[in-house]
Amino acid sequence: MTNWVLAAGPSLGEQFKLNFIDGDRWKWIVDGLLATLEITAVALVIGIVIGVVVAAVRSSYEKNKDTMKAKGGVGYAVLCFFNAVCKLYLTVIRGTPTVVQLLICYFIIFSKWTNGIPVAMISFGINSGAYVAEIFRSGIMSVDEGQFEASRSLGFGYLPTMRYVVVPQAFKAVLPALGNEFIVLIKETSIAGYVGIMDLTKAGDLIRGRTFSAFMPLIAVALIYLTLVMLLTWLLGKLERRLRKNER
Amino acid sequence: MNANDVLLKVVGLKKYYNGGKVKALDGVDCEIRAGEVVVIIGPSGCGKSTFLRSLNLLEMPTAGEIFFEGEKINDPKIDINLHRQKIGMVFQQFNLFNNLNILQNVTLAPTKLLKQTSGEAQKNAMDLLNRVGLADKAQNYPSQLSGGQKQRIAIVRALAMKPDVMLFDEPTSALDPEMVGEVLEVMRELARSGMTMVVVTHEMGFAREVGSRVLFMEDGVIVEENEPNAFFAAPQSQRAKDFLSKVL
C-alpha cells in the first residue's frame, strides 16, 4: 500500500524519522513556517496601508475630477499629480513578476541590508498593495451612486460620506476578493528562498537536499500551506457571514 | 422664514452636456416661495429632474444663478454642505443607506451634522417614524422593507434635518402601483403642515389636488406656469395640450 511512494524504499515511519526527527530537522520546518508567517503578516499590513491610500487617491480623482476641474485651483493639480503617481505604481507592479521585484529589492534597492526578511516584507507588501488598491477601488466604485448622492444631499461632505456610507458598504463587497488576495500572498512568499531566506518552502527543500528523500518534506510543506489557507478561508467566511447578518 | 418669502430663486439656469451638444436646461427662471407646493411636470427628458437636482447642486449648472434664502449657492466660495442641510431631498430610488438600520438612517445626519445628542435624535426619529406609521421598523434594515416603506423612511430621513424646503424627484415612479398611495398620503400630509415642496412627478391627480402651482417643462425650458386647476382645465400652450392629452 505504501510502496507506490518509493518502491522497495524505507517505510513511511523510517522516512518520517529520517526527515524530521534526525538532526532535529523538524525545527527547520518550524523556523521556516515562522518566517513565512512573519513575512506574510507584515506584507499584509503594508499592502493594506498602500492599498487604502492608492484606492483613496484613485477613487477621489474619479469621483471629483469633473467638479474640481470646473473649480480649478491647486487642489485639482495636486490630485492629478497623485493620481498619475498611483497609476504608474500600479502599472509597474502589476506588469512585472513578483520574483523579479523581490530580486530588485534585495540586490539593488536594499543591497546594504544583510537580512532578507525585512526586504521580503517590504517587497511583498509593495506588490500586494497594488492588487489591494484595485480591489478597494472596485469596491468603492461598486457602491451605488445614489447612496453617495443621498448622503451629500443631507449635507455630508465627500470624506464623511465615504466614511459613514460608502466605505462600510464597499468593504463588505470586496471581502471575498480581499481574502483571495491574502491567500495568494501567503503562497507567493514561497519565492523568498530566491534571496536566501529560509521560509517554509526553502526549509522543506533544504531537508530534501540533506536527506535525498523528497516525498516527506515536500508533501509536509504542501500540507502546511494547505492548512494555513483553509484556516484563513474559514476565518474570512465567518467574518463575511457576520457582516451579512447585519443586513438580513 | 415667513410665508411668501422667496426661498429659492433661479435665474437663467443652463445645464449643457458634451460641450453644449446636449442642452438639458436652456435658460430657466423661477421663484419658489415659502409654503408653496410647486409641481413640475413634462415629458421625459424635458429637464425637470436636472432642474430639481440643480436646486441643491447635485448637478452643477453650466450657467445661471441659484439663490437659496437670499444667498447665491452656486458660487465656489460657498460651503454648499451647510445649505444642503436645509434642503431635503427624496429620490426616485429611495437611496436609504444599506449599511445602516432604519433608526440609524434617520439619525445619522442629525447627530453628525446638527450635533444633536443621540437620545434627542432618536426621539425625533421615532416621532417622525410614528407619523408615517413605521415606528415598528426602526431596527430593520432597508433590504427588509417594501418600496413604499423605504420611500416613507427616505422622507423621514430628510425631515429629520428640519429642512426649509423638500425636493422630490419622481418619488413614486419606482413603486408598485399599490404602494403609490401610501407615499402620496405622507406627502399630502406634509403639504398640509405647510412644508415648502418642489415635486417632480407623473402623478397628475396629486399635482392637481396638492399643488399650489404647476410648472410645465419641455426641451429644457419652462413652457407654461399656472395654478393647477386652471392648468389642467385649460392649458394655454399647444405643447402642454399635447402632453396632457397623452397622460390624462
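The values are calculated or read from the model by the stated rules, or taken from the named source; none is laboratory data. This structure is a prediction, so every number in the text was calculated from the model and none was measured. Virtual Cβ from ideal backbone geometry, glycine too; neighbours counted across all protein chains shown.
A compact table of results
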| quantity | calculated |
| --- | --- |
| Scope the stretch B:153-168; condition within 17 Å of residue B:108 (Cα to Cα) and either aromatic (Phe, Trp, Tyr) or surrounded by 19 or more Cβ atoms within 10 Å (Cβ to Cβ) (or both); matching residues | B:153, B:154, B:155, B:156, B:157, B:158, B:159, B:160, B:161, B:163 |
| Which listed residue, of A:216, A:198, A:230, is of a type outside the set (Val, Ile, Thr), away from chain B (no Cβ under 14 Å), within 17 Å of residue A:37 (Cα to Cα) and in contact with a Phe, Trp or Tyr (Cβ under 9 Å, 6 or more places away or on another chain) | A:198 |
| Qualifying residue in the stretch A:36-43 (condition: surrounded by 15 or more Cβ atoms within 10 Å (Cβ to Cβ) and of a type in the set (Gly, Ala, Ser)) | yes |
| Some residue of the stretch B:86-103 being under 23 Å from residue B:195 (Cβ atoms) and basic (Lys, Arg) | yes |
| Residues (exposed (fewer than 14 other Cβ atoms within 10 Å of the Cβ) and of a type in the set (Ser, Thr, Tyr)) located in the stretch A:54-87 | A:67 |
| Residues of the stretch B:75-97 satisfying the condition of being within 11 Å of chain A (Cβ to nearest Cβ), modelled with pLDDT under 95 and part of a loop (DSSP other than H, G, I, E, B) | B:75, B:76, B:77, B:79 |
| Given (1) touching a Phe, Trp or Tyr at 6+ places or on another chain (Cβ under 8 Å); (2) crowded, with 19+ Cβ neighbours inside 10 Å, index of the condition residue B:225 fails | (2) |
| Only listed residue being surrounded by fewer than 18 Cβ atoms within 10 Å (Cβ to Cβ) and touching a helix residue (DSSP H, G or I) at 6+ places or on another chain (Cβ under 8 Å), chosen from A:152, A:244 | A:244 |
| Condition broken by residue A:180, with the remaining ones in (1) touching a residue at least 40 places away in the same chain (Cβ under 8 Å); (2) part of a helix (DSSP H, G or I) satisfied | (1) |
| Residues of the stretch B:36-69 satisfying the condition of being assigned to a loop (DSSP other than H, G, I, E, B) and touching a residue at least 60 places away in the same chain (Cβ under 8 Å) | B:36, B:42, B:43, B:46, B:47, B:55, B:56, B:69 |
| One residue from A:142, A:128, A:138 being more than 14 Å from chain B (Cβ to nearest Cβ), among the small types (Gly, Ala, Ser), surrounded by fewer than 18 Cβ atoms within 10 Å (Cβ to Cβ) and in contact (Cβ under 8 Å) with a residue 24 or more places away in the chain | A:138 |
| Condition check for residue A:163: without any contact (Cβ under 8 Å) to a residue 12 or more places away in the chain, part of a helix (DSSP H, G or I) and within 8 Å of chain B (Cβ to nearest Cβ) | no |
| Matching option when the condition is over 20 Å from residue B:192 (Cα atoms), more than 14 Å from chain A (Cβ to nearest Cβ) and surrounded by fewer than 17 Cβ atoms within 10 Å (Cβ to Cβ), among B:133, B:119 | B:119 |
